[in-house]
Amino acid sequence: MGDLSKRGQKAKNVFMNSSISSKTGKSPEQTTQGSSLYPRAQKTKKSRRKNKKQMNMEYEVGWASVSPLHQKEFIKLASEIPAEELLLSVIIPAMNEESTIANVVIESLGIHPSCEVIVIVNGSTDQTAERAEAAGAKVLHYHEPLGHDVGRRRGAEEAKGRVLLFVDGDMVIPSRQLQPFVHAVLSGVDIALNDYKGPVHRTPVHPVIEAKYALNIMLGRPDLQGASLTAVPNAISRLAYETIGPSVLEVPPLAQTIGVSKGLEVQAVHPIPVGHLNPSRRKSDTDPLTEIILSDHLVAIRWLTDERGPRAGYTDLYRDRQLLRMK
């Protein structure tokens, strides 16, 4: 019980620091250095150099702005949740992410005090589990790799929050950039997507981006463009979790397809430039995940055609194929 109390206090402190940063214009990474809520008093030449480097990094990433009004609305909506109910569960699959996981956990805890962070450590050979737990996360530890996106399901099954937010262990995203996804769900959205469209102006366009656009068009949601549950961060409501089912979360395009087909409110709510946040994949000529993500989209399309017919609900216009079959 004492550990839970300390964890809650730690989350509250981080959240307060995040609120201070929205007023001062400084990043949470800057304001959470040290135990004081007034980090300016602790600055040294070394820390100033470090903070300047962090600001430059944020500028290079190109975060979208989050208005103070939206932050106030988020706090208001969150305050309406009963005190005995957990507001948020942040689910983070991770494998060999010891260099980033602690900061990912800290930023997640900074979203709101009523928050649990669940890290699904699988197949790791480094200190990911230890560092996640030290930062305040609940750790589910599997010695063998679970496979791509399986951690999402396992974390969701364990989650107690009204809102389920999914992030990756290798992307440190400031808490104020994660708040819009939670805000959207509290406002009535069931599936809050990262409004990331991908580099569509490159030639050729990456096949994963093409697959995302094609699936959304087939779903009758061309307005979503390339937004997809495949790209973190994203958040879902309890209703979405119960409608879709935990096992389907292992196949994000299928989860999105079922969600749209079942009439859930699906929206692209806030852009996070994940392409800039994952340099290891960006530098690689071939993305090892491309094949599995494309296969996931094929699974989603198969489900859609099984449900709506071979043309996924689209008409065949004036073609009368039956006449040819009769001959």
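Observations
- Ranking ILE91, GLY161, ASN122 by Cα position along the charge dipole of the range 79-169, where only Lys, Arg, Asp and Glu carry charges on their C-beta atoms, puts GLY161 farthest toward the positive end.
- Within the shell defined by Cβ-Cβ distances under 13 Å, the residues around GLN267 carry a net charge of -3, with Lys and Arg each +1 and Asp and Glu each -1.
- Sparse-neighbour loop sites [trypsin sites (Lys or Arg not before Pro); the range 105-181; at most 14 other C-beta within 10 Å; DSSP]: LYS160
- Derived scalar couplings between HN and Hα for the range 306-322 equal 5, 7, 10, x, x, 9, 6, x, 7, 6, 9, 6, 8, 5, 10, 5, 4 Hz in order, rounded to whole Hz, by the Karplus curve 6.51 cos²θ - 1.76 cosθ + 1.60 (θ = phi - 60°), x for Gly and Pro.
- Taken over the range 64-179, the ratio of Cα radius of gyration to 2.2 N^0.38 Å equals 1.07.
Every read-out reported here was derived from the displayed coordinates using simple, explicitly stated rules and does not represent laboratory data. All values reported here derive from a predicted model rather than from experimental measurement. Note that we place each Cβ from the backbone using ideal geometry, even for glycine, and neighbour counts take in every protein chain shown.
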